[in-house]
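Here the structure comes first, spelled out in structure tokens, and everything after it is commentary.
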């Protein structure tokens, strides 16, 4: 395989990753890292470095569309980024000192959990309960568009969500996946936001989180321009397309496909790690 064929295949896989990442809110990195390591045999640290670049591109590609449509809660996203940015720096520093096999096993576990998260039932309408007092004070509650008009929602359990965001940041810096699944989990399950608000706010946040940890990988020499470029060029148009499709799409079938891909990739990575393939 020559460099042109390799770049073209990486671009195709990255385009699909960007599309899936924007549609599900889990971030394209959750597909990019296992794709590069399992299919193309790239060292996981360089795969993480390229993935972080792609995650930034995914966020840029999707966030602008979501913000214009009125789905993204910018105030909440910026507040929660305090936790994810701190976690991302910690995770990136830890990643440079642990073994490739340990990174692979951790990523496989996260992939399996992301597949589980994507299949969990979501409730669009949240309960009519008092909002978190901190959220009220910081004015983090908001509205989002629906076919019936603007629908208001309230933020619940902000401290719990903030704690989960810290964990998400560590995983992002450690594995280069954006940790969109954990961000969606925190906002959707703990803070009880509408699904599309959780998804779009997650897409806005993952770019900032990835940028915080990408600097550490860059200084360590784990971001290869020859690998990162086709990944970024593939993810960006995929993210734009996914952002446009999500606004009016029912993504249940996509979630099933996404979950199956995640499980297969996780099992393949574990197998490769155990037999010494990585």
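The values are calculated or read from the model by the stated rules, or taken from the named source; none is laboratory data. This one's a predicted model, so the numbers in the text were calculated from it and none came from an experiment. Because the Cβ atoms are built from the backbone with ideal geometry, glycine has one as well, and the counts that use them run over all protein chains shown.
If you go through segment 78-107 and keep only what is surrounded by 24 or more Cβ atoms within 10 Å (Cβ to Cβ) and under 18 Å from residue 141 (Cα atoms), you end up with just 80. Screening the candidates 233, 193 for the property of being surrounded by fewer than 24 Cβ atoms within 10 Å (Cβ to Cβ) and either modelled with pLDDT of 85 or more or in a helix (DSSP H, G or I) (or both) yields one hit, 233. Would segment 132-147 turn up any residue that is on the phi > 0 side of the Ramachandran plot, in a loop (DSSP other than H, G, I, E, B), modelled with pLDDT of 85 or more and out of contact with any strand residue (DSSP E or B) (no Cβ under 9 Å at 6 or more places or on another chain)? Scanning segment 132-147, I find at least one residue that is on the phi > 0 side of the Ramachandran plot, in a loop (DSSP other than H, G, I, E, B), modelled with pLDDT of 85 or more and out of contact with any strand residue (DSSP E or B) (no Cβ under 9 Å at 6 or more places or on another chain), so the answer is yes. Candidates are the residues of segment 99-122 that are in a loop (DSSP other than H, G, I, E, B) and touching a helix residue (DSSP H, G or I) at 6+ places or on another chain (Cβ under 8 Å); the one that is modelled with the lowest pLDDT is 122.
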